[in-house]
Structure formats: structure tokens, C-alpha cells
Amino acid sequence: MQTRLKVSLLAGILIVGFGGIKGQRATASIDDLTAFIGAWEGSWSGDSSGKFQMTIAKSAAGKLSGSISAKPDDGDQYTAEFKTIDVNSGKLTAKFEDPNGDVEVTITGSFEGKSLKGTYTVRQKSDGTQLDTGSWTATRK
């Protein structure tokens, strides 16, 4: 009887232990900043549309930085540095300004398979008026 109890307890501990490890790996991969690091290319569509390339890097101190080069279908290409880049619970949030500094663009996204997909919002900096909104998708270069 004691041997059966010990085997049952050991089996229970192993199941819980390996289940916990599996859960930790899943959580770690979702929250892992390194998954977002690299060069990406994609497109957006909404009130406007176009193509873009973005690069995300991590400093030795662990801070994320990067830039985006966007080519609107109806405009000139421009490049902007991200003002902020955050990853929280597997979700990327980044902000940048247009070359004139008049509008702020916020992108949010997360992984869907091997792609990043999300939404964007463009707001007038002076009064916060929403000028554009839509969706975007990107794949690693």
C-alpha cells in the first residue's frame, strides 16, 4: 500500500512538474523580447495603405529601439525612429512620429504563426484627433 502511494505521489509530482515547465516555456516564448528583434517587412491598410520595413534591436541594457521606413501608396517614402517600443504579455506596442513631427503613429501587434499582425492609429499631436486607423502585417526579412 505504501509503495503504491509513493508511486502515485511521484507520478503526480512529475505530471505537475512537467506541466509547470511546459507552461513556463509557453509563457516565456510569448513574453520573450528576442522574438521581436530583427528586420521585418510588411504592409498596412486602412484609411491609407502602403508598405514598410522596420528594424527592432535590443541594447546591452535590455532596452528596445528601432526604426521604420514607410512608403505610403499615395506619398513619399520616409524613415522614422521609434520613440518607444514595449513588449508586454507577447504584445508589441511602438510609437513614432511623421517626419514633420505633426502626427504620432501607434502600432500594436502580436505573433500569428511566424508573422506579426496588428493595428495602427495615427493621431494629430496638437489635439489628439484620430486621422487614420487600420491593420498591418509583417514577416521577418
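Quick notes
- Residue match in the range 22-34 (condition: in a loop (DSSP other than H, G, I, E, B) and at pLDDT 90 or above): no
- Selection status of D76, farther than 16 Å from T34 by Cα and out of contact with any strand residue (DSSP E or B) (no Cβ under 9 Å at 6 or more places or on another chain): yes
- All positions within the range 79-106 that are surrounded by 12 or more Cβ atoms within 10 Å (Cβ to Cβ), polar (S, T, N, Q) and under 17 Å from D32 (Cα atoms): T93
- Filtering G109, G46, G118 for residues that are closer than 18 Å to T137 by Cα, in contact with a strand residue (DSSP E or B) (Cβ under 7 Å, 6 or more places away or on another chain) and in contact (Cβ under 8 Å) with a residue 60 or more places away in the chain leaves a single hit, G46.
The values are calculated or read from the model by the stated rules, or taken from the named source; none is laboratory data. Note that the structure is a prediction, hence the values are computed from the model and not measured. Here Cβ is always computed from backbone atoms with ideal geometry, including for glycine, and neighbour counts include all displayed protein chains.
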